[in-house]
Amino acid sequence: MDFQLTEEQLAVQAAARDFAQSELWAGVIERDEHQKFPAEQIKKMGELGFLGMMVSPEYGGGGMDTVSYVLAMEEISKVDASCSVIMSVNNSLVCWGLEKYGTEEQKQKYLTRLTTGEIIGAFALSEPEAGSDATSQQTTAEDKGDYYLLNGTKNWITNGTTASVYLVVAQTNPELKHRGINVLIVEKGMEGFQTGPKENKLGIRGSDTCSLLFNDVKVPKANRIGEDGFGFKFAMQVLAGGRIGIAAQALGIASGSYELALKYSKERKAFGVPISQHQAIQFKLADMATNIDAARLLCLQAAADKDAHRDYAKSGAMAKLFASKTAMDASVEAVQIHGGYGFVKEYHVERLMRDAKITQIYEGTSEIQKIVISREILK
Ligand code: CAA
């Protein structure tokens, strides 16, 4: 097995690292504190090709592989997990699905602008009563001939207020259960569509999350993705890929925490020596480094599976399950190594610890990943 990255993959990794250090690091504490959406930073990410990395150049994308995407996600997430969740949703849940299943007209109209960051996208599956239990969609898309009449509420939508295009999951034929679900492309500004107030979150505070409210929104039939009733499969497929992106985000939070803790442990002295010379700290660093390497291997395995067109539902879920726990553990330990300094904002690790938690919740909780993994094992 070849564990070497290609020159192109290394170049993407270096570009993402440079961008994160030079453009994201300086303002990240302020954006977190004031829940400020990173509009300028996202615009630059679009210009640099980070928002449509895996899309074909024909539609303005980077034509890159999933391994490169994972490497870039890790580097951006080390510094600013708010930017990386915006990047992840746009790449995995919106652009990837549109390229794979959208019509040529949909790709020309939406994808070409989503890949460059001219506009950003959102994916709307969760509802007040349908989170993990995703088949229980209460939002309805009633078939009215040449349009669907969309009614309902979506919750916890990343890029909720800032997106221009939303892929909305809704029930058309309740008697068919999940086989009666469709995904519709909804544009901001369509009559009857409103966004709710921005949520005040524990972490990833720079990204905007809100509810979406649909009241008799007329969505043209041309905006449906795939055949009638394909919506749930579409959602499951984009989420399976999205989990690789969130696994890489969690990996970045873990490795960012570790790098800060390692640096601090060499600088901070206690009992006459740098704290890195105390075994209590060495054991923590050893555990962090080992788990981070294991998480990275799982992320790259899942990405390699996707690139080789192998099934990646299980490897992606495993990567997300393990990397998100690693993010949580490593960021808690990074705070512990920093002692009191870890508890204040200037040292960054308290933010990484708060950001880590969501990686165990969104795009399927850790418990959902275990359901996906065990079903694959047992089938
Ligand atoms: N690819 C294609 N099809 C798939 C699939 C996949 N990876 N996984 C499931 N399916 C299909 C199944 O084959 C089945 O189709 P058929 O009946 O036609 O064979 C259909 O989907 C239903 O599957 P299940 O019977 O397994 O469905 P279930 O109700 O038991 O639920 C679940 C499965 C894994 C729990 C699923 O509901 C799930 O993933 N829930 C979590 C949802 C989630 O991740 N929400 C996050 C919201 S998005 C988000 O967080 C984005 C953000 O803002 C960052």
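What is the residue count in region 192-209 for residues that are in contact with a strand residue (DSSP E or B) (Cβ under 9 Å, 6 or more places away or on another chain), under 30 Å from residue 299 (Cα atoms) and either basic (Lys, Arg) or surrounded by fewer than 22 Cβ atoms within 10 Å (Cβ to Cβ) (or both)? It would help to see each step written out before you state the result.
Going residue by residue through region 192-209, those that are in contact with a strand residue (DSSP E or B) (Cβ under 9 Å, 6 or more places away or on another chain) are 192-199, 201, 204, 207-209.
After this cut, where a residue has to be under 30 Å from residue 299 (Cα atoms) as well, the list is 199, 201, 204, 207-209.
Checking the rest, the ones that are also either basic (Lys, Arg) or surrounded by fewer than 22 Cβ atoms within 10 Å (Cβ to Cβ) (or both) come to 199, 201.
So the count comes out to 2.
Can you list the helices (runs of 4 or more DSSP H) lying wholly within region 39-122 that have 3 or more residues being more than 15 Å from the ligand (Cβ to nearest atom)?
Values: elements: 39-47, 66-79, 81-88, 96-101.
By residue number, 39-47, 66-79.
Kindly list, by first and then second residue, each pair from a residue in region 164-184 that is within 13 Å of residue 126 (Cα to Cα) to a residue that is away from the ligand (no atom under 13 Å from the Cβ) and in a helix (DSSP H, G or I), limited to pairs with Cβ atoms under 9 Å and residues at least 6 apart or on different chains.
These pairs meet every condition: 167/98.
Please go through region 1-38 and give me each residue that is more than 27 Å from residue 66 (Cβ to Cβ) and loosely packed, with under 13 Cβ neighbours inside 10 Å, ordered by number.
Across region 1-38, the qualifying residues are 26, 30, 33, 34.
Residues checked against (1) among the small types (Gly, Ala, Ser); (2) within 16 Å of the ligand (Cβ to nearest atom); (3) assigned to a helix (DSSP H, G or I); (4) modelled with pLDDT of 95 or more:
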| position | (1), (2), (3), (4) |
| --- | --- |
| 306 | no, yes, yes, yes |
| 317 | yes, yes, yes, yes |
| 357 | no, yes, yes, yes |
| 360 | no, yes, no, yes |
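For region 286-310, name all the residues that are in contact with a Leu (Cβ under 6 Å, 6 or more places away or on another chain) and either aliphatic (A, V, I, L, M) or at positive phi (or both).
Once the filter is applied, which keeps residues that are in contact with a Leu (Cβ under 6 Å, 6 or more places away or on another chain) and either aliphatic (A, V, I, L, M) or at positive phi (or both), region 286-310 yields only 295.
Residues to consider are 80, 65; find the one that is within 23 Å of residue 242 (Cα to Cα) and in contact with a Pro (Cβ under 8 Å, 6 or more places away or on another chain).
Working: 65 fails: in contact with a Pro (Cβ under 8 Å, 6 or more places away or on another chain).
Result of the check over 80, 65: 80.
Take the residues in region 157-167 that are assigned to a loop (DSSP other than H, G, I, E, B) and within 10 Å of the ligand (Cβ to nearest atom); name whichever of them is farthest from residue 359 (Cα to Cα). Show your work before the answer.
So in region 157-167, the residues assigned to a loop (DSSP other than H, G, I, E, B) come out as 159-164.
Retained after the next criterion (residues that are within 10 Å of the ligand (Cβ to nearest atom)): 159-160.
On the way: 159: 16, 160: 18 Å.
The qualifying residue farthest from residue 359 (Cα to Cα) is 160.
Out of region 132-156, which residues are surrounded by 17 or more Cβ atoms within 10 Å (Cβ to Cβ) and in a loop (DSSP other than H, G, I, E, B)?
134, 137, 139 - these are the residues of region 132-156 that are surrounded by 17 or more Cβ atoms within 10 Å (Cβ to Cβ) and in a loop (DSSP other than H, G, I, E, B).
Among 251, 212, which is the only one that is touching a Ser or Thr at 6+ places or on another chain (Cβ under 8 Å), crowded, with 20+ Cβ neighbours inside 10 Å and farther than 30 Å from residue 303 by Cα?
212
The values are calculated or read from the model by the stated rules, or taken from the named source; none is laboratory data. All values reported here derive from a predicted model rather than from experimental measurement. Note: ideal-geometry Cβ built from the backbone for every residue, glycine included; neighbour counts use all protein chains shown.
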